[in-house]
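Heads up: the structure comes next, in structure tokens.
The values are calculated or read from the model by the stated rules, or taken from the named source; none is laboratory data. Just so you know, these numbers come straight off a predicted model, no measurement behind them. Note that each Cβ is placed from the backbone with ideal geometry, even for glycine, and that neighbours are counted across all protein chains shown.
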Amino acid sequence: MPPARAVFYAATVVALTLSARALVHPVPLGWAVVALVAYVAGVLAGVLVLRLRVFVDAVVEGPRGVRGIVLTFDDGPDVRSTPRVLDILERAGVSATFFVIGKKAEVHPELVRDMVRRGHTVGLHSYAHDRLFALRSEGWVRDDLERGMGTLEAILGERPRLFRPPIGHTNPRIARVIQGLGLVVIGWTVSGGDGVRTDPERVAARVRGRLRDGAIVLLHDAAERGDYEPAGPRALAEVLEASEARGIEVVALETWLDMLSPPSLPATPS
Ligand SMILES: [Zn+2]
């Protein structure tokens, strides 16, 4: 069990115990407020920080002792920037995993097919990429993910197995849907921050400083709303050069997934 989840469970038991005790022996209001704020902050951290894996099992780095890095790209496909990323990857002879947005894939299915044709893996990054994903009902989340999976199945002939939640937000409702659909959640170890940064030099520098064996690198092959030129494609060549210079190979995510066994990797229901 991830350490943060164990802490969350323990904090929940303590909170319930103290609440029950407070009915008999009232506690000072100040202490009660501090405890409540701390608990809510813990829940929020669990929702916002996928790496903590409080609510879902997620692959956030390679298996222990593994060599190399894995490249992942979010928020595509985009007709302007995705082909550039595919070309750079092809020249470098490496494969990556693309977490595509269902409604964008619908508009440019040829780009999604091109990803697979050129040796990459395609995962789902939700259908609508709703920023309020973590506030939606269980039914809403299920409809969104099923629509996204159906879109990719229609394009590629098979349902996606891998999923990255929009903005990395999760909660118990999302966890139930993911488990029901048999999706494997992929987080990240190193983010280029190119969802908010537009300077490729800074994006490359941020990734370069954090490169290490076993890291899952997150970049974007498209801007979320397609309204600016993403820095990820322009930073990619530099990231590839830096990893090569340090003797760190780029490997396919599947090679790591094959090495992981439950409970690190959620089982896909048959
Ligand atoms: Zn995204």
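Of all the numbered requirements in (1) surrounded by 21 or more Cβ atoms within 10 Å (Cβ to Cβ); (2) more than 19 Å from PRO77 (Cβ to Cβ), HIS220 misses one, and that requirement is (2). PRO165 falls short on exactly one of the conditions (1) within 14 Å of the ligand (Cβ to nearest atom); (2) surrounded by fewer than 23 Cβ atoms within 10 Å (Cβ to Cβ), and that condition is (2). Looking only at region 101-136, residues that are part of a helix (DSSP H, G or I), within 16 Å of the ligand (Cβ to nearest atom) and charged (D, E, K, R) come to 2 in all. Residue count for region 48-59 satisfying the condition of being surrounded by fewer than 24 Cβ atoms within 10 Å (Cβ to Cβ) and within 16 Å of the ligand (Cβ to nearest atom): 4. The single residue among GLY139, GLY148 that is farther than 28 Å from GLY68 by Cα, more than 15 Å from the ligand (Cβ to nearest atom), among the small types (Gly, Ala, Ser) and modelled with pLDDT of 95 or more turns out to be GLY139. Scanning region 173-225 for residues that are in contact with a strand residue (DSSP E or B) (Cβ under 7 Å, 6 or more places away or on another chain), within 13 Å of the ligand (Cβ to nearest atom) and among the β-branched types (Val, Ile, Thr) yields a single hit, ILE186.
Results for (1) basic (Lys, Arg); (2) over 16 Å from the mean Cα position of the chain (by Cα); (3) surrounded by fewer than 21 Cβ atoms within 10 Å (Cβ to Cβ), shown as yes or no for each residue.
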{"site": "GLY139", "(1), (2), (3)": "no, yes, yes"}
{"site": "GLU146", "(1), (2), (3)": "no, yes, yes"}
{"site": "TRP188", "(1), (2), (3)": "no, no, no"}
{"site": "GLY193", "(1), (2), (3)": "no, no, yes"}
{"site": "GLU229", "(1), (2), (3)": "no, yes, yes"}
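Working only within region 10-37, note down all residues that are assigned to a helix (DSSP H, G or I) and surrounded by 12 or more Cβ atoms within 10 Å (Cβ to Cβ). Scanning region 10-37 gives ALA11, THR12, VAL14, ALA15, LEU18, SER19, ALA22, ALA32, ALA35, LEU36.
Pairs linking a residue in region 140-161 that is more than 20 Å from GLU110 (Cβ to Cβ) to a residue that is surrounded by fewer than 22 Cβ atoms within 10 Å (Cβ to Cβ) and among the polar types (S, T, N, Q), with Cβ atoms under 7 Å and 6 or more positions apart or on different chains, are ARG161/THR268. Would you be able to say whether some residue in region 196-213 is outside any strand (DSSP E or B), surrounded by 21 or more Cβ atoms within 10 Å (Cβ to Cβ) and in contact (Cβ under 8 Å) with a residue 40 or more places away in the chain? Within region 196-213 (the criterion being outside any strand (DSSP E or B), surrounded by 21 or more Cβ atoms within 10 Å (Cβ to Cβ) and in contact (Cβ under 8 Å) with a residue 40 or more places away in the chain), the answer is no, since none of the residues qualifies. Give region 214-239 a look and list any residue that's of a type outside the set (D, E, K, R) and assigned to a helix (DSSP H, G or I), or say none. Within region 214-239, GLY232, PRO233, ALA235, LEU236, ALA237, VAL239 meet the criteria. With respect to the conditions (1) away from the ligand (no atom under 13 Å from the Cβ); (2) under 16 Å from the mean Cα position of the chain (by Cα), GLU158 lacks only one, and its number is (2). For region 78-100, a tally of residues being in contact (Cβ under 8 Å) with a residue 60 or more places away in the chain and within 16 Å of the ligand (Cβ to nearest atom) returns 8.
Yes/no matrix, rows are residues, columns are (1) closer than 23 Å to VAL184 by Cβ; (2) modelled with pLDDT under 95; (3) crowded, with 21+ Cβ neighbours inside 10 Å:
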{"site": "ASP78", "(1), (2), (3)": "no, no, yes"}
{"site": "ARG84", "(1), (2), (3)": "no, no, no"}
{"site": "LEU89", "(1), (2), (3)": "yes, no, yes"}
{"site": "SER95", "(1), (2), (3)": "yes, no, no"}
{"site": "PHE98", "(1), (2), (3)": "yes, no, yes"}
{"site": "GLY102", "(1), (2), (3)": "yes, no, yes"}
{"site": "HIS120", "(1), (2), (3)": "yes, no, yes"}
{"site": "ALA134", "(1), (2), (3)": "yes, yes, no"}
{"site": "ASP143", "(1), (2), (3)": "yes, no, no"}
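Checked against (1) within 16 Å of the ligand (Cβ to nearest atom); (2) modelled with pLDDT of 95 or more; (3) among the polar types (S, T, N, Q), THR170 meets all criteria but (2).
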